[in-house]
Amino acid sequence: MSFDVETLSRIQFAFTIMFHYIFPPFSIGMGLLLVIYETLYIKTRKKVYENITRFWIKIFAANFSVGVASGIVMEFEFGTNWSNYSRFVGDIFGSPLAAEGIFAFFLESGFLAILLFGWNRVKPGVHLFSTIMVFVGSMMSAFWIVVANSWQHTPVAYEIVQHGEGVRAVITDFWAMVFNPSAPIRVTHTLIGAFIQGSFLILSVSAYYLLKNKYVEFAKKSFTIALVVAAIASVSQLVAGHEHGKVVAEHQPAKLAAYEGIYKTTKSAPLTIIGWTDPETQKTIGIEIPGLLSYVIYGDWNAEVKGLEEIPKEDWPPVNAVFQSYHAMVALGFLFIGVTLFSVFLYFRKNLFNQKWLLRFYMFAVILPVLANQLGWVSAERGRQPWIVQGLLRTSEGVSPSITATEVMISLSMFFVVYILLFFVWLYVLDREIKHGPEDYTHHPEAGYESKEGRMKIIEKL
């Protein structure tokens, strides 16, 4: 089987970005929880919150470093594999990426050193401020990157100008470009997904400790707070997803039609719970709720939903692939809502930590938010095809003209080997830190100095 340059370049970029996207949601989600844990420590001075904060800082650091390393490659791929695309949107796409570097990455990296190494070198309030700044920086980074991507879905505030032998898009209004029609809700949707993913990592490790009957107080408090964040985020994601769907319906009707397998423009359009769609026969079979799609999108059970029949077939996305990835993402979202709310209910009934089956579920469930976030990007990006910039530039037109399939295959193979090695290094570090577990910093002369009890124990040790 042979692939052309476009297909190989798409596979390469998909592989690198999907691998990279494992890590930023963990960093953003853990960043929020680190702020909460450290705030509780400063407010209560309870050592358990110090242990929680300092343990998760170590996990955060390992994840952050791999995320940065894996993300560097992508910006070079714009030039090596997608030079025509880069020439066309460089003026627009480059602006938010530059802002991400200036306002987000420097903010993160500047305060990261204090977060990692400043616990006993700066005052507690300064350290908390650094934790907050790292968290804010990670969210700002997500904001600018999603803004750049969202412009490709809903391009506004641009004009097409002649550039050499070709044309390019240039910004006419920077802030209109930043707050393009899909950007605010897509940023919100992305950040909430990150909160879910980060909280599920903490739930997973805490559940592991509880099942092993190790670090019980640490695990219970760590688990409980992460559970609250996961439950709130999961319910919020339902609202954000609903709003995102309305934006897609207005600006990308082909994507919405692919999401739900709608081929004919239909009044009282059904919402498919689970099913299969065939673009050749233009039929969708499955479990449907009549009229629900019309109601969800337009608030009217009889509203008309535009079908793929109104769009030239050459402009259709890969319908079944988009349909399946979208429905899998939605199903996982409802699973998160159900399991977290049920767990909160059990917590208030004081019966949560006795449910071994539920703790086992959480121990392995960390993979599910990762999968949901990946499926969300797959459905969004494949749903935009065949456009790399909606309505302006086809994906086939964005490929570098000078690169060969052999060159892409060689670089893809190298990336695959390096990324797999990087992934196993990440797993090794996490496994080592998790098995080592949290430390009681009260009994360490280099750390536990804040309380009178801690100082007395240090004196005794010395």
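Only one of the numbered conditions (1) within 25 Å of V425 (Cβ to Cβ); (2) within 17 Å of the chain's Cα centre (by Cα) is violated by L32, and that is (1). Considering K255, K246, K283, the condition of being among the basic types (K, R) and over 23 Å from L375 (Cβ atoms) is satisfied by K283 alone. Could you tell me whether S325 is under 28 Å from the mean Cα position of the chain (by Cα), among the hydroxyl-bearing types (S, T, Y), surrounded by 13 or more Cβ atoms within 10 Å (Cβ to Cβ) and farther than 28 Å from H251 by Cβ? For S325, the condition - under 28 Å from the mean Cα position of the chain (by Cα), among the hydroxyl-bearing types (S, T, Y), surrounded by 13 or more Cβ atoms within 10 Å (Cβ to Cβ) and farther than 28 Å from H251 by Cβ - is not met. Does any residue of region 376-389 turn out to be more than 30 Å from V216 (Cβ to Cβ) and of a type in the set (S, T, Y)? Looking through region 376-389, at least one residue is more than 30 Å from V216 (Cβ to Cβ) and of a type in the set (S, T, Y). For E243, indicate whether it is surrounded by fewer than 18 Cβ atoms within 10 Å (Cβ to Cβ) and under 28 Å from the mean Cα position of the chain (by Cα). In short, yes.
Taken over region 210-222, the criterion of being assigned to a helix (DSSP H, G or I), in contact (Cβ under 8 Å) with a residue 60 or more places away in the chain and either within 19 Å of I36 (Cβ to Cβ) or in contact with a strand residue (DSSP E or B) (Cβ under 7 Å, 6 or more places away or on another chain) (or both) is satisfied by E217, F218, K220, K221, S222.
Give the number of residues within region 144-175 that are of a type in the set (F, W, Y) and surrounded by 21 or more Cβ atoms within 10 Å (Cβ to Cβ). Matching residues across region 144-175 total 3. Residues in region 26-66 that are among the charged types (D, E, K, R), surrounded by fewer than 22 Cβ atoms within 10 Å (Cβ to Cβ) and assigned to a helix (DSSP H, G or I): K43, K47, R54, K58. Got a sec? Which of R54, R45 is at positive phi and either touching a residue at least 24 places away in the same chain (Cβ under 8 Å) or over 20 Å from the mean Cα position of the chain (by Cα) (or both)? Exactly one residue qualifies, and that residue is R45. So N180 passes all but one of these: (1) over 17 Å from P96 (Cβ atoms); (2) of a type outside the set (V, I, T); (3) part of a loop (DSSP other than H, G, I, E, B). Which condition number does it fail? Of the numbered conditions (1) over 17 Å from P96 (Cβ atoms); (2) of a type outside the set (V, I, T); (3) part of a loop (DSSP other than H, G, I, E, B), the odd one out for N180 is (1). Within region 295-309, does at least one residue satisfy the condition of being in a helix (DSSP H, G or I) and more than 30 Å from the chain's Cα centre (by Cα)? Yes, because at least one residue in region 295-309 is in a helix (DSSP H, G or I) and more than 30 Å from the chain's Cα centre (by Cα). Residue count for region 304-326 under the criterion of being closer than 20 Å to I274 by Cα and without any contact (Cβ under 8 Å) to a residue 60 or more places away in the chain: the result is 6.
Of all residues in region 310-332, how many are part of a loop (DSSP other than H, G, I, E, B) and either in contact with a helix residue (DSSP H, G or I) (Cβ under 7 Å, 6 or more places away or on another chain) or modelled with pLDDT of 95 or more (or both)? Result for region 310-332: 4. For region 67-157, the helices (runs of 4 or more DSSP H) that sit wholly inside it and include 3 or more residues that are of a type in the set (S, T, Y) and out of contact with any Asp or Glu (no Cβ under 7 Å at 6 or more places or on another chain) are 83-99. Checked against the criteria, E250 does not count as part of a helix (DSSP H, G or I), under 30 Å from L33 (Cβ atoms) and not hydroxyl-bearing (S, T, Y). May I ask you to verify whether V344 is modelled with pLDDT of 90 or more, crowded, with 18+ Cβ neighbours inside 10 Å and among the aliphatic types (A, V, I, L, M)? So V344 fails the test. Here V389 meets each of (1) β-branched (V, I, T); (2) closer than 30 Å to V167 by Cα; (3) without any contact (Cβ under 8 Å) to a residue 60 or more places away in the chain with one exception, condition (3). Of the listed requirements (1) within 19 Å of the chain's Cα centre (by Cα); (2) over 18 Å from I192 (Cα atoms); (3) of a type in the set (A, V, I, L, M, F, W, C), V146 misses just one: (2). Of all residues in region 276-294, those satisfying the criterion of being surrounded by 18 or more Cβ atoms within 10 Å (Cβ to Cβ) and either out of contact with any helix residue (DSSP H, G or I) (no Cβ under 9 Å at 6 or more places or on another chain) or not in a loop (DSSP other than H, G, I, E, B) (or both) are T277, T284, E288, G291, L293, S294. Restricting V216, V178 to those that are buried (at least 18 other Cβ atoms within 10 Å of the Cβ), of a type outside the set (F, W, Y) and either over 25 Å from S294 (Cβ atoms) or touching a His at 6+ places or on another chain (Cβ under 9 Å) (or both) reduces the list to V178. Number of residues in region 68-80 that are surrounded by 19 or more Cβ atoms within 10 Å (Cβ to Cβ) and within 19 Å of A169 (Cα to Cα) equals 1. The helices (runs of 4 or more DSSP H) falling completely within region 333-445 that include 3 or more residues that are charged (D, E, K, R) map to 367-384, 405-436. Given the residues W119, W151, W175, which is the only one that is more than 27 Å from S234 (Cα to Cα), among the aromatic types (F, W, Y) and at pLDDT 90 or above? After applying the criteria, what remains is W175.
The values are calculated or read from the model by the stated rules, or taken from the named source; none is laboratory data. If you're wondering where the values come from, they're calculated on a predicted model, not measured in any experiment. No Cβ is skipped: glycine too gets one built from the backbone with ideal geometry, and neighbour counts run over all protein chains shown.
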